[in-house]
Amino acid sequence: MSTKQQELPREARLPQLDRTLATQLAAAEYARVADLLDRLTPEQWAAPTDCPGWEVRDMAGHMLGMVQMAASVPEMIRQQATATLRARRRSGLQIDALTALQVEKNAALTAEEVAREYRRLSPRAVRNRLRAPRFLRNQTMEEETDGRWTFGYLFDVILTRDPFMHRIDITRATGVPMVATADHEGVILDDVVREWAQRHGRPVALELSGPAGGHWAFGHGGNAGGGHRRDGEPISMDPFEFCRATSGRAPAAGLLTTQVPF
């Protein structure tokens, strides 16, 4: 995950994706990550990533830790409790403590074991996310740098965006092509774009290239409308570079400095 301190939303953030669609995206994203990990060579596992101090192997350990957490309620409770305790002791952010814990937890596994465990546990993680009861999904949490989220937003959105963003990180680090289709990456991008526009609330005409891209026009308040109207600030770029910019991984200017959590 990656977030940055900015103006906090007044209301707890809700998922905007249909729950059935969110489940389909989760399953497909986990499968894409598993396929990517299976393809990596020993040299690629050792490649440095955009996340400071992390090689691909470290990033995969974190990603497996997130799947382990989503696949098991007791594991989720254990990881969260341990991360909270470590963050308090070190006066740091809980998310940093959590990701470090996940890397540490899986450090003894071989690369092949990481890939195999990721594929094995992914279906269980999807089921657990889908089965989260309504009362839990409607509960709110205070995300340290982004304000209040509902657990539904965490389950349906963030837990899919996180591996998606790290898949971008890994393909960038290794040179393996990033899979790009309209019916998966394009849907995730659309949700990111609409949230980004809602967060900055300014008129913008955005064009993202390739199969995962598209055209969006937003008026005041981040509301989409007018199809291909170009009455806002024009921005044209690669869709995955858009994600890197809005996640804080790449230099950004103008409206791209408005960040979206991944």
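Read-outs throughout are calculated quantities, based only on the coordinates presented, and are distinct from any laboratory measurement. Worth saying up front: this structure is predicted, and the values here are computed from it rather than measured. For neighbour counting, all protein chains shown are included, and Cβ atoms are generated from backbone atoms with ideal geometry for every residue, glycine included.
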**Request:** Compute the separation of the alpha-carbon centres of segment 238-257 and segment 134-150 and state it in Å as a whole number.
**Result:** 25
**Prompt:** What is the sum of charges around I188, taking Lys and Arg as +1, Asp and Glu as -1, for the other residues whose C-beta is under 9 Å from the C-beta of I188?
**Reply:** -3
**Request:** At 0.36 nm per residue, minus the direct Cα-Cα distance, what do R127 and I235 gain on full extension? Give it in nm, one decimal, please.
**Result:** 35.1 nm
**Asked** Which helices count as membrane-span-like in the chain under these terms: full DSSP H, at least 20 Å along the axis by C-alpha, Kyte-Doolittle mean of 0.5 or more?
**Response** 56-71
**Prompt:** What's the extension gain from E75 to A31 if we count 0.36 nm per residue and subtract their Cα-Cα distance?
**Reply:** 13.7 nm
**Message:** Under the rule a/c < 1.5 gives rounded, and otherwise a/b versus b/c splits prolate from oblate, where does segment 19-174 land using the Cα gyration tensor?
**Reply:** oblate
**Request:** Quick one: among D58, D50, D18, which has the greatest mean-square fluctuation in a GNM of the chain with alpha-carbon springs under 10 angstrom?
**Result:** D18
**Request:** Obtain the nm distance between the two label points defined at A46 and A108 by a simple spin-label model: each point lies 7 Å from its Cα along the Cα-to-C-beta direction.
**Result:** 2.3
**Item:** Inter-probe distance in nm under a simple model that places probes 7 Å from Cα toward Cβ, at V176 and T140
**Value:** 4.0
**Complete:** Karplus ³J(HN,Hα) for segment 134-144 (6.51 cos²θ - 1.76 cosθ + 1.60, θ = phi - 60°; Hz, whole; x = Gly/Pro) runs 4, 4, 6, 4, 8, 5, 10, 10, 9, 6, 4
